[in-house]
Amino acid sequence: MAHHGIAVEVLFDDGQRRMVRVKRDSGHVVGDDVVVTGEVLRRLPRRTELLRRDARGDVHLVAANLDVLGVVVAPLSPAGFIDRAIVAARVARLQPFVVVNKCDLEGTAELLAALSGTYAGSVSIFPLSAAKRTGLAPLLEFLSEGHRGAFVGTTGVGKSSLLNALCPEIDLRVGGLSGYKSQGRHTTTVSTLHALSGGGELVDTPGFRDFGLVDISVEDLAVHFPGFEAHGEVVCRFRNCRHRSEPGCAVVVLVEQGSIPAERYATYLEILDEVEADQAEARSKGWRT
Ligand SMILES: Nc1nc2c(ncn2[C@@H]2O[C@H](COP(=O)(O)OP(=O)(O)OP(=O)(O)O)[C@@H](O)[C@H]2O)c(=O)[nH]1
Ligand SMILES: [Mg+2]
């Protein structure tokens, strides 16, 4: 249920919850299934693993055994986060969705329109306000299908507030400053898993700015980048097309025709550069060893 440095909180089959001591970097993560014998924790195989890389290049396991990933955004959220989170989720076989929080604030209509234009053909979008408790029903219904999900997003977008709104008995600590100016300080420091009364489970994660992709192939990116899959009827000449300068590339044609906005394509190329650089580095390491 949670990992507190040298102890993890375990929910047992009989409904009991207990802290079990572990080594500091024991490799357990929220969402793991474990067998506890005395004080020894054995981890069972994972169904899914969601990874991310931080700005320093370190790899983090966000959570284990998730089915869906809620990318939470609010006004002033950094660009690029949503795309990387969606690609990472799809590669890990999670279904991503986007939550636009703080819809009670002025100016959110423009943000929502922009996000809908970009992502509506790719993923479900849930506009809501955790503070005003509006727009929650569609999300609760989606989660009640028994999904286990996690909310990710930068600090202050309202992930913990949203969990509190979805399930009032949870009562997580939320940041002090309300509105736009709540970025910078982390309120949540540990990921925790919660069961929703109407079905489904949710993980609240500490905010992070960087959703760097980990071990993703160029092919994965080319297939999963949000916005390109909506044009599925248009097929590139080469099956492993990178959509850069290959002859017969359908994506390049759609960009030239204006069906895919130039800005979306620029974002894609930026992430493609990163993925290619990672692959080149991995290959050169392989040669050296
Ligand atoms: N206006 C408005 N403010 C909100 C809404 N949801 C959350 N907030 C405020 O945003 C601030 C941050 O909320 P948190 O829930 O702590 O954000 P978080 O994403 O969990 O932040 P970290 O735990 O640091 O990652 C708090 O002051 C909330 O009151 C909303 O729907 N509208
Ligand atoms: Mg929080």
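Would you confirm whether any residue within the range 214-232 is within 30 Å of residue 248 (Cα to Cα), of a type in the set (A, V, I, L, M), modelled with pLDDT of 90 or more and part of a loop (DSSP other than H, G, I, E, B)? Looking through the range 214-232, at least one residue is within 30 Å of residue 248 (Cα to Cα), of a type in the set (A, V, I, L, M), modelled with pLDDT of 90 or more and part of a loop (DSSP other than H, G, I, E, B). Scanning the range 190-205 for residues being under 12 Å from the mean Cα position of the chain (by Cα) and either farther than 20 Å from residue 173 by Cα or in a loop (DSSP other than H, G, I, E, B) (or both) gives a total of 1.
The combined condition, being among the aliphatic types (A, V, I, L, M), at pLDDT 95 or above and either under 18 Å from residue 127 (Cβ atoms) or away from ligand 2 (no atom under 16 Å from the Cβ) (or both), is not fulfilled by residue 59. Restricted to the range 10-38, and to residues there that are at pLDDT 90 or above and under 23 Å from the mean Cα position of the chain (by Cα), the residue that is most open to solvent (accessible area, probe 1.4 Å) is 33. Quick one: would you say residue 195 is modelled with pLDDT of 90 or more and over 22 Å from residue 87 (Cβ atoms)? Yes. Here 203, 218, 214, 252 are screened, and the one residue that is within 16 Å of ligand 2 (Cβ to nearest atom) and surrounded by 17 or more Cβ atoms within 10 Å (Cβ to Cβ) is 203. Pull out all pairs, ordered by first then second residue, where Cβ-Cβ is under 7 Å, the residues are six or more apart or on different chains, the first lies in the range 92-118 and is of a type in the set (Gly, Ala, Ser), and the second is open to solvent by less than 50 Å² (accessible area, probe 1.4 Å). These pairs meet every condition: 92/48; 92/50; 107/75; 116/125.
Among the conditions (1) crowded, with 16+ Cβ neighbours inside 10 Å; (2) modelled with pLDDT under 90; (3) of a type in the set (D, E, K, R), the only one that residue 264 does not satisfy is (2). The residues of the range 109-134 that are near ligand 1 (Cβ under 9 Å from one of its atoms) and surrounded by fewer than 20 Cβ atoms within 10 Å (Cβ to Cβ), listed by number, are 131, 132, 133, 134. Among residues of the range 64-78 that are free of Cβ contacts under 8 Å to residues at least 40 places away in the same chain, those with a beta-carbon under 9 Å from a residue that is of a type in the set (Ser, Thr, Tyr) and outside any strand (DSSP E or B) at least six positions away or on a different chain give the pairs 64/48.
Taking the conditions (1) assigned to a loop (DSSP other than H, G, I, E, B); (2) away from ligand 2 (no atom under 16 Å from the Cβ); (3) crowded, with 16+ Cβ neighbours inside 10 Å in turn, residue 102 satisfies each one other than (2).
If we keep just the residues of the range 62-87 that are more than 16 Å from ligand 2 (Cβ to nearest atom) and among the small types (Gly, Ala, Ser), which is surrounded by the most Cβ atoms within 10 Å (Cβ to Cβ)? That would be 85. Of everything in the range 144-172 that is of a type in the set (A, V, I, L, M) and surrounded by 24 or more Cβ atoms within 10 Å (Cβ to Cβ), the residue that is nearest to residue 80 (Cα to Cα) is 152. Out of all the residues in the range 175-182, is one or more away from ligand 1 (no atom under 12 Å from the Cβ), of a type outside the set (A, V, I, L, M) and either surrounded by fewer than 20 Cβ atoms within 10 Å (Cβ to Cβ) or within 21 Å of residue 199 (Cα to Cα) (or both)? Scanning the range 175-182 turns up no residue that is away from ligand 1 (no atom under 12 Å from the Cβ), of a type outside the set (A, V, I, L, M) and either surrounded by fewer than 20 Cβ atoms within 10 Å (Cβ to Cβ) or within 21 Å of residue 199 (Cα to Cα) (or both).
The values are calculated or read from the model by the stated rules, or taken from the named source; none is laboratory data. Since the structure is predicted, the reported quantities are computational estimates derived from the model, not experimental observations. Because the Cβ atoms are built from the backbone with ideal geometry, glycine has one as well, and the counts that use them run over all protein chains shown. Calculation scope for accessible area: heavy atoms of the full protein, side chains included, ligands and nucleic acids excluded. Shrake-Rupley method; radii C 1.70, N 1.55, O 1.52, S 1.80 Å.
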